[in-house]
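The values are calculated or read from the model by the stated rules, or taken from the named source; none is laboratory data. For clarity, every value in this text was computed on a predicted model and none was experimentally measured. Cβ: placed from backbone, ideal geometry, glycine included. Neighbour counts: every protein chain shown.
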Amino acid sequence: MNTSFPADAQANPMTDWLSPVVIPKSVYAECVEEENRHKWIESEKAGFDLGEGCIRQWVKKHWMGYLRARWVEHLQGKCFWMELDRGDFGLLQREFQDQSELLDTILDQLKSGKENLHVILWAIKNRVPTDPVHRILKALDVNSRRLVHRFDDV
């Protein structure tokens, strides 16, 4: 197997281990595209450029859900998001295969913006055994997977 790179290619130790069919993407770069798309649509509706305020509105309303959706894609091994933990990529393909229905339900809740406590309360209310729920939530570790948006410090 030839591991040398063409003269114009550069090795990237962060992503060289990925399969050639998995193209790494940037959460932040893709987010800027989403923000701009939102700003364009809303500005077209208004008849003038709504500017940065429109982007800030998108961030306030959609950033966490956007980030959660990218995180789930990363966990499922569908897309490698460079800013997310490399070890989490494809985690759901390696873990919890015997609990796919429970996992899907938990992921749906997390994608919709719910937090760990909401998921645990859901489990208790619906008489779902909490031990597997806790194991899944611990492995997913949603609280340490948050990224800051560039407008968050402003």
Would you say residue 128 is outside any helix (DSSP H, G or I) and of a type in the set (A, V, I, L, M)? yes
Just wondering, is there one or more residues in region 90-105 that are over 20 Å from the mean Cα position of the chain (by Cα) and either in contact (Cβ under 8 Å) with a residue 60 or more places away in the chain or surrounded by 13 or more Cβ atoms within 10 Å (Cβ to Cβ) (or both)? yes
For region 30-41, the count of residues that are farther than 13 Å from residue 149 by Cβ and surrounded by fewer than 16 Cβ atoms within 10 Å (Cβ to Cβ) equals 5
Top-ranked residue in region 47-68 [being under 17 Å from the mean Cα position of the chain (by Cα) and surrounded by 15 or more Cβ atoms within 10 Å (Cβ to Cβ); ranked as nearest to residue 27 (Cα to Cα)]: 67
List every residue pair whose Cβ atoms lie under 7 Å apart, where the two residues are 6 or more positions apart in sequence or sit on different chains, the first residue falls within region 30-57 and is within 30 Å of residue 80 (Cβ to Cβ) and of a type in the set (Gly, Ala, Ser), and the second residue, located anywhere, is surrounded by 13 or more Cβ atoms within 10 Å (Cβ to Cβ) and at pLDDT below 95. none
Six or more apart or on different chains, Cβ atoms under 9 Å: show the pairs whose first residue is in region 119-135 and at pLDDT 95 or above and whose second is assigned to a loop (DSSP other than H, G, I, E, B) and of a type in the set (Val, Ile, Thr). 122/128
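So that you can scan it fast, the table gives a plain yes or no per residue for (1) part of a helix (DSSP H, G or I); (2) touching a Phe, Trp or Tyr at 6+ places or on another chain (Cβ under 8 Å); (3) modelled with pLDDT under 90:
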| position | (1), (2), (3) |
| --- | --- |
| 30 | yes, no, no |
| 33 | yes, no, no |
| 38 | yes, yes, no |
| 41 | yes, no, no |
| 49 | no, no, no |
| 53 | yes, no, no |
| 67 | yes, no, yes |
| 71 | yes, yes, yes |
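Within the bounds of region 126-149, is there any residue that is under 15 Å from residue 31 (Cβ atoms) and either surrounded by 16 or more Cβ atoms within 10 Å (Cβ to Cβ) or touching a Gly at 6+ places or on another chain (Cβ under 7 Å) (or both)? Write out each step before concluding.
At the first step, the residues of region 126-149 found to be under 15 Å from residue 31 (Cβ atoms) are 146-149.
After this cut, where a residue has to be either surrounded by 16 or more Cβ atoms within 10 Å (Cβ to Cβ) or touching a Gly at 6+ places or on another chain (Cβ under 7 Å) (or both) as well, the list is 147, 149.
Scanning region 126-149, I find at least one residue that is under 15 Å from residue 31 (Cβ atoms) and either surrounded by 16 or more Cβ atoms within 10 Å (Cβ to Cβ) or touching a Gly at 6+ places or on another chain (Cβ under 7 Å) (or both), so the answer is yes.
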